[in-house]
Amino acid sequence: MGERLVLGIESSCDETAAAVVRGGVSVLSNVVASQTELHARYRGVVPEIASRSHMQRILPTVQEALAVAGVGIADLDGIAVTNRPGMIGCLLVGITAAKTLSWRFGIPLLGVDHVQAHIHAAFMTRPDLPLPLLALIASGGHTALYLVPEPGAAERVGATRDDAAGEALDKGAALLGLPYPGGPAIQAAARTGNPAAVALPRSLLGPDSLDFSFSGVKTALLYHLRGAGGGSPTPTLAPAALADLAASYQAAIVDVLVTKLARAARRFPVRSLAIGGGVARNELLRARLGADKAFADLALVFPPLDLCADNGAMVAGVGDLLLGRGEIADLSLAAAATAAATSRAPRPR
Ligand code: KG4
Ligand code: ZN
């Protein structure tokens, strides 16, 4: 049982990734070929460039994942692949590779929801985490809150109405003249800044809402910069002013994430809290959650940084779960642009 070997393939966005996981939790290899440098000049992911690059990198990445893990393809018990949500052209590259290998070597194929995989990183980090779990998944493409009764099941209880948190960081960084991806660049610039230097709005959408909106804070930053630069959207900022603005902008976004998590933790009888997705790498977010009394009674699960950003290990982890349940896909497995809002729990609660 526990010794199943699953290959996980991920190509939904701009990382070509493959990993081998044993027993659902033991990461034998986790190879990520990032395309960041290809997209940096466009300040965002260009779908055609991403899918072309996935095509060039997918097989070498799979081969490297197998080699690092020290396993042959015939040793695998399952081949898991992200089939939703994501850019269709990108998803199709991973799906086609997985189908081809599955068919050629007679290995079960498993279709994995990318958001489910981000949530699952929490169970790979701490398999015995107390349930139910409250999870925040925040990345460049999604920002949402999930109630998780058990591994592999999740109910979405809040989501962004406009930009994702990572998208707001990426666009804010562009306004500040910082490089792409914006999250790490803003985090680095913010370290020497004063987060209270510039008052930026925290859009909470009413006292009860668990939804998010990040377009207002982005616009507020733009107007602030226009004021500072006499109309130019990207004025040249002195280093101290840049640090203050980066710190204020990061704090505004993190404040909203923490506030919504606190609301959800009050509303639902959860026993643990996890974060996932690229924005979950953020050091301020981690520090604020760790220090906030609202979460003192919960087990906090912060997956290691390489399990937060897009990776194949989290896909293999969900794949192992599906294999255990006998939920095998066939060659008709299709790509889908959107996430399933709610995935079913396998047993009634
Ligand atoms: O999960 P991910 O690797 O890819 C998507 O599915 O989007 O997330 C990428 C996002 C980007 O918006 C990036 O700016 C953000 O995660 N990010 C961060 C940090 N590292 C990456 N945001 C805040 N702080 C970080 N340290
Ligand atoms: Zn992701």
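Just one of (1) more than 22 Å from the chain's Cα centre (by Cα); (2) not in a loop (DSSP other than H, G, I, E, B) fails for Gly206. It is (2). Scanning region 266-285 for residues that are more than 9 Å from ligand 1 (Cβ to nearest atom) and open to solvent by 50 Å² or more (accessible area, probe 1.4 Å) yields a count of 4. Considering (1) in contact (Cβ under 8 Å) with a residue 40 or more places away in the chain; (2) open to solvent by 10 Å² or more (accessible area, probe 1.4 Å); (3) within 16 Å of ligand 2 (Cβ to nearest atom), the lone condition that Glu64 does not fulfil carries the number (3).
Taking only region 154-174 into account, find how many residues are away from ligand 2 (no atom under 16 Å from the Cβ) and open to solvent by less than 10 Å² (accessible area, probe 1.4 Å). Spell out the reasoning first.
Applying the first criterion (away from ligand 2 (no atom under 16 Å from the Cβ)) to region 154-174 yields 155, 157-158, 161-162, 171-174.
Pick out the ones that are also open to solvent by less than 10 Å² (accessible area, probe 1.4 Å) and you get 158, 172-173.
Qualifying residue count, region 154-174: 3.
This table checks each residue for (1) in contact with a strand residue (DSSP E or B) (Cβ under 9 Å, 6 or more places away or on another chain); (2) at pLDDT 95 or above.
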| position | (1), (2) |
| --- | --- |
| Leu5 | yes, yes |
| Ala17 | yes, yes |
| Val21 | yes, yes |
| Val25 | no, yes |
| Ile49 | no, no |
| His54 | yes, no |
| Ala67 | yes, yes |
| Thr82 | yes, yes |
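Against the list (1) of a type in the set (A, V, I, L, M, F, W, C); (2) assigned to a loop (DSSP other than H, G, I, E, B); (3) touching a strand residue (DSSP E or B) at 6+ places or on another chain (Cβ under 7 Å), the condition Ala196 fails is (3). Given the conditions (1) open to solvent by 30 Å² or more (accessible area, probe 1.4 Å); (2) away from ligand 1 (no atom under 15 Å from the Cβ); (3) closer than 21 Å to Ala18 by Cβ, report the number of the one that Ser332 does not fulfil. Every listed condition holds for Ser332 apart from (3). When residues in region 131-153 are screened for being open to solvent by less than 10 Å² (accessible area, probe 1.4 Å) and small (Gly, Ala, Ser), 4 of them pass.
Tallying residues that are out of contact with any Asp or Glu (no Cβ under 7 Å at 6 or more places or on another chain), away from ligand 1 (no atom under 14 Å from the Cβ) and in contact (Cβ under 8 Å) with a residue 12 or more places away in the chain within region 123-145 yields 11.
A quick yes/no check of all residues on (1) modelled with pLDDT of 95 or more; (2) in a helix (DSSP H, G or I):
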| position | (1), (2) |
| --- | --- |
| Ala173 | yes, yes |
| Ala189 | yes, yes |
| Gly227 | no, yes |
| Pro233 | no, no |
| Leu237 | no, no |
| Ala240 | yes, yes |
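Within the set Leu261, Leu237, Leu204, Leu210, the sole residue that is touching a helix residue (DSSP H, G or I) at 6+ places or on another chain (Cβ under 6 Å) and not polar (S, T, N, Q) turns out to be Leu210. When the residues of region 238-265 are filtered to those that are without any contact (Cβ under 8 Å) to a residue 40 or more places away in the chain and within 14 Å of ligand 1 (Cβ to nearest atom), the one that is surrounded by the most Cβ atoms within 10 Å (Cβ to Cβ) is Val254. Within region 1-49, the set of residues being β-branched (Val, Ile, Thr), open to solvent by 20 Å² or more (accessible area, probe 1.4 Å), closer than 24 Å to Leu109 by Cβ and within 15 Å of ligand 2 (Cβ to nearest atom) comprises just one member, Val32.
Looking for whichever is among the aromatic types (Phe, Trp, Tyr), more than 26 Å from Met87 (Cβ to Cβ) and more than 17 Å from the chain's Cα centre (by Cα) here; the options are Phe295, Phe302. Which one fits? Result: Phe295 is the single residue among Phe295, Phe302 that is among the aromatic types (Phe, Trp, Tyr), more than 26 Å from Met87 (Cβ to Cβ) and more than 17 Å from the chain's Cα centre (by Cα).
When Arg126, Arg104, Arg52, Arg84 are checked against the criterion of being basic (Lys, Arg), under 16 Å from the mean Cα position of the chain (by Cα) and open to solvent by 30 Å² or more (accessible area, probe 1.4 Å), Arg84 stands alone in meeting it. Listed conditions (1) over 20 Å from Leu284 (Cβ atoms); (2) free of Cβ contacts under 8 Å to residues at least 40 places away in the same chain; (3) in contact with a Leu (Cβ under 8 Å, 6 or more places away or on another chain) are all met by Gly182, apart from (1).
The values are calculated or read from the model by the stated rules, or taken from the named source; none is laboratory data. The model shown is predicted, which means the values in this text are computed figures rather than measured ones. Cβ: placed from backbone, ideal geometry, glycine included. Neighbour counts: every protein chain shown. Just so you know, the surface numbers come from the protein's heavy atoms only, side chains and all, with ligands and any DNA or RNA stripped out. Shrake-Rupley method; radii C 1.70, N 1.55, O 1.52, S 1.80 Å.
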